[in-house]
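Read the structure below first, then the notes.
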Amino acid sequence: MSLQAETAAPFELVCPAGTPAALRAAVDAGAHAIYCGFNNETNARNFPGLNFSEAEMAKGVDYAHRHGAKVLVAINTFARAGSVEIWQRAVDAAAEAGADALIAADLAVLEHAARHQPGTRLHLSVQAAANTPEAIRFYTETFGVKRVVLPRVLSVEEIARLNREIAVETEVFVFGGLCVMTEGRCALSSHATGKSPNLTGVCSPPDHVAYEENADGTLLARLGGFTIDRFAAGEPAGYPTLCKGQFSAMGKTGYLFEDPVSLNAAALLPALRDAGVTALKIEGRQRGKAYVSSVVRAFRRAVDALARGEPETDLAGELAALAEGGRQTTGAYRKTWR
Amino acid sequence: MTRHRDCGELPPVVALLTKPLPRRPLELILTRLVRQFVERRPELIERLGPTAQVPIAVVPTDLPHAFIVNLDGPRSRIDVVASDQATSAAARIEGPLLILLGLFDGSYDGDAAFFSRDIAIEGATQHVLALRNTLEEADLTPAEFAGLSGNLAEIVNRRTAEALGLARRLLGAPAADIRATPEHGR
C-alpha cells in the first residue's frame, strides 16, 4: 500500500530531522513523513552533534506515530568492506524502532534489509543515483524496493517519462540544498579532504572547513586548505561545498557547476503531480528547528492548496531568507540552461 | 572582524551602560546555572561529544563583553571577558545579541543566519557546528536554564518571549520562526 494513499493529499510530504527536537517540529508543522538517521557513518548527514541514538530513534518513531506521521530512516552510505556490521545493525535497529521505511543505496545494506527485515518497506536513496528504468527495475526486482528517490538532475518531462516506464513510487526533492552531481558517486569532497558523503557520511567535513573574514569584510571560505569561495562584505554566503565553489579556467573565474543557491520547486507542484510523483522531499537534516518548521509549514500549505484545486503556490518570497546565498532556483526541473 | 548588517543590533547606549559592569558576579551566576543545567540534561553533553572539552567564544557584537563557554560536565563554566580578549577559544561565533539568543533557543536557523552574514564564525568549525546542533536539541528556554518549573517557568518563558519579540521588532531583527511548545515532551 502506498504511504501517500493514507494521507489523502496529492503528495506525501517527506521532511528532514537532524535531531529529535527537529523531528517533533516537523511533525507539529504538518509533515506526513520524517526522514532521519543514526549518529554514525551509516548516515549521509554524519555531522557533529547531529542525528539519533537508537533510543532516540525509538522515541522519535513513537512521537511521529502518535501524531499520524511516518518515520523513514536513512541508512544511505555505502558499507565499508570489513565493517558491514555497523550498517546491518542500523537496519535492524531502525526496524526494531518501528520505522515505516528504510532509505538505502548500498547493495549489501539493501540485501540485509530485504533478507532480515522483510516487513520493513525499502526506499532507494538518491545516493544510488538510479535514474533509468533498467536500474530502477533491478532494485525493485532484486530487493523489493517500493520507492525511488530521484537524483536532482532530471527535468519534469524526464520524470514523467520515467514514471510511465516503472512500477514503483518516485520521490523528488522540492526544497533546500541542491546537489548537482551524480549522487553517491561524487568525489569532490574526497579529493579535497579525504572524506565523502558516500562512505563516511560527510560532504565538506566541518573539521576541514575554515572561514576567515578580512578587515574589509570579505569572507573567505576554505575547504581542506583550498580557498573555494570569496564573498564581498554583506554579500550572502553559501555552504563550503566544492560543487558551489568558484574555479578559474580558461582565463575566467566563476561558479563552474552551480551557484550558491537553494532549490525551490513549489511552483512546479502541479507539474510534478501530473508527472506521477508520489512524494516531495525537503532537504535539510543539518538545519535547525526554525528552518524545518517554516519550510514544512509552507509546503504543507501548498500541498493542501493543490488538493483543493487552488492555483499553484509561489513560496519564493516566504522562504528566501532560509535559502543558501539568499537565492532560489527550480534547478534541473526547468532545464533552461541546457 | 567587521559586521556588515545592523540587523537587530542593540543601540550603542547599551554597550556604553554595560561596559563598567563587573564581570565576575555575572560569571559566577552563569557558571552556576550552566552546571545545574548540564547536570539535569547529561544527554546533551553526550551529544556534544569531544566539543565538551573545547572552549568556544560567543561574542555579541553590540556588547563590550564576550562569553567563553566550556560545557565539560561538572567542570562546565562560562568566563566573561572583554570582547577583544576572547582569543583563547578554539572557535568563535559572533553576531548581535538578539540573533545569538535566537540561535540558542532555536528561534533562528543557524545556517540562514550564516548565509545572511548576520553571524560570523571563525576557528574550528566542527565545534561551532556541534554546539549549534546540541543547542537545537536542547529546546532551551529561559526558565529551564534558570532551573524553574511549573507556573513560574511558564510566566518567565512567556514574558521573555514577549520582551524578545518586542526588541526584535523595534530593532529590525528577523521575526522568530519557532518557539518550543509544551507538547514537545522529551
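Where a number appears in this text, it was derived from the coordinates with a stated rule and is not lab data. Bear in mind that the values here come from a model prediction, so they are computed numbers and not experimental data. Glycine also receives a Cβ, built like all others from the backbone with ideal geometry; neighbour counts cover every protein chain displayed.
Bridgeable aspartates and glutamates around residue A:59 (alpha carbons under 13 Å apart, same-chain partners fewer than 8 residues away excluded): A:96. The ranking of A:84, A:296 from fewest to most other beta carbons within 10 Å of each one's beta carbon is A:84, A:296. Taking other C-beta atoms within 10 Å as the exposure proxy, A:255, A:139 rank A:255, A:139 from fewest upward. If both residues of a DSSP beta bridge must be in the stretch B:12-171, then about 70% of such bridges are antiparallel. Measuring against 19 Å, Cα to Cα, the residue pairs A:146/A:289; A:70/A:146; A:252/A:335; A:146/A:335 contain A:146/A:289; A:252/A:335; A:146/A:335 as the ones spanning a longer distance. The distance separating the Cα centre of the stretch A:218-254 from that of the stretch B:113-135 comes to 18 Å.
Less than 5 angstrom separates the built amide H of residue B:91 from those of B:57, B:124, all sequence-distant by 5 or more or on a different chain. In vacuum, with every alpha carbon of the protein assembly as shown counted as one equal point scatterer, what does the Debye formula give for log10 I(q)/I(0) at q = 0.10, 0.12, 0.13 Å⁻¹? Two decimals, please. Per q value, in the given order, log10 I(q)/I(0) is -0.79, -1.15, -1.35.
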